Amino acid sequence: EVEETAHDEL
Amino acid sequence: MNVFRFAGDMTHLFSVLVLLLKIYATKSCSGISLKTQELYALVFLTRYLDLLTDFISLYNTVMKLVFISSSLAIVWCMRAHPVVRRTYDKDQDTFRHYTLVAGSLVLALLFHDRFTIREVCWAFSIYLEAVAILPQLVLLQRSRNVDNLTGQYVFFLGAYRAFYILNWIYRYFTEQHFSRWIPWIAGLVQTGLYADFFYYYYLSWKNNVKLQLPA
């Protein structure tokens, strides 16, 4: 499945 | 987390602290654009929607809370604090910042990673942050004397995104799938907008004169 584009930056 | 990103976050945090210091110490917000502060509050509120859903790290959560609460506190101070609100240059701060909001929204609806509420809001916040400083830069050009703290505030605000660009370059070379063209382009535009400010800031520092932006 489409990997969640986790925004790990502020 | 790499050193560039940490330096960027600390510079960003420092710019917020300098602004809070200026407002608290001088009980004045002269030279500060309320419109830029409102845009920043909107940037943080639309970017950190995942604050309550995704836990990345304590550092990440704490910093998000600090940025959201400080930007809202500054907007409240400039709008409602009995002493501070009277020092707001209302008639100088005339940039039509709604156009910036509308433009960023259109861009976010057109260009985003995925068409979900969260991704569109995230892209919106990235585009809006790139132009959020414009009302403040216009106000600096109009207000003749820029006090030191205001100048330092804008300087650190500009420097933080420059550190982030170094962070994206670093991550691009060290992480395979890391390619974020949205913040790349927006970050370059954002830092570019500060270019002339950095130049005049450097001149004022070198010649040890008051910072003045040409009208």
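Of all aspartates and glutamates in the structure, those lying under 19 Å Cα to Cα from B:K64, and not within fewer than 8 positions of it along the same chain, are A:D8, A:E9, B:D9, B:E38, B:D50, B:D54, B:E119, B:E129. Distance between the pseudo-spin-label points of B:D113 and B:F173 (7 Å out from Cα toward the beta carbon): 2.3 nm. Under a GNM of chain B (C-alpha, springs under 10 Å), which listed residue has the highest mean-square fluctuation: B:L134, B:L110, B:L34? Result: B:L110 has the largest fluctuation of those listed. Bridgeable lysines around B:K35 (alpha carbons under 20 Å apart, same-chain partners fewer than 8 residues away excluded): B:K22, B:K27, B:K90. Considering only B:T11, B:T26, B:T87, the Gaussian network model of chain B with Cα springs below 10 Å gives its largest mean-square fluctuation to B:T26. Our estimate of slack between B:Q212 and B:D196, defined as 0.36 nm per intervening residue step minus the Cα-Cα distance, is 4.6 nm.
Give me the net charge of B:L49's neighbourhood, meaning all other residues with Cβ under 12 Å from the Cβ of B:L49; Lys, Arg count +1, Asp, Glu -1. Net charge around B:L49: 0.
From the gyration tensor of the Cα coordinates in the stretch B:56-215, what semi-axes in whole Å does the equivalent ellipsoid have, largest first, with each one equal to sqrt(5λ)?
29, 21, 17
Phi angles across the stretch B:198-215 convert, under the Karplus curve 6.51 cos²θ - 1.76 cosθ + 1.60 with θ = phi - 60°, into 3J(HN,Hα) values of 4, 5, 5, 5, 5, 4, 5, 6, 5, 8, 6, 10, 4, 5, 9, 8, x, 5 Hz, Gly and Pro given as x.
The alpha-carbon of B:K206 sits under 19 angstrom from the alpha-carbons of these aspartates and glutamates, leaving out residues fewer than 8 places away in its chain: B:D147, B:D196. Largest first, the extents of the alpha carbon coordinates of the protein assembly as shown on the three principal axes equal 55, 38, 33 Å. Local charge for B:D147 was computed over the other residues whose Cβ lies under 12 Å away, with Lys and Arg +1 and Asp and Glu -1, and equals +3. Have a look at B:F124, B:F14, B:F178 and tell me which one the Gaussian network model of chain B (Cα, springs below 10 Å) gives the largest fluctuation. Sorting by GNM fluctuation, first place goes to B:F178. For the pair B:V83 and B:L52, the difference between a 0.36 nm per residue extended length and the Cα-Cα distance amounts to 7.7 nm. Rounded to the nearest 0.05, what FRET efficiency do B:W205 and B:S69 give with R0 = 25 Å and r taken as the Cβ-Cβ distance? Could you check? FRET efficiency, B:W205 to B:S69: 0.20. The fewest-to-most ranking of B:W168, B:W184, B:W122 by surrounding Cβ atoms within 10 Å reads B:W184, B:W168, B:W122.
Taken together, the values in this text are just the output of simple stated rules run on the coordinates, not laboratory data. Predicted model, so just to flag it, every value in this text is computed and none were measured. Because the Cβ atoms are built from the backbone with ideal geometry, glycine has one as well, and the counts that use them run over all protein chains shown.
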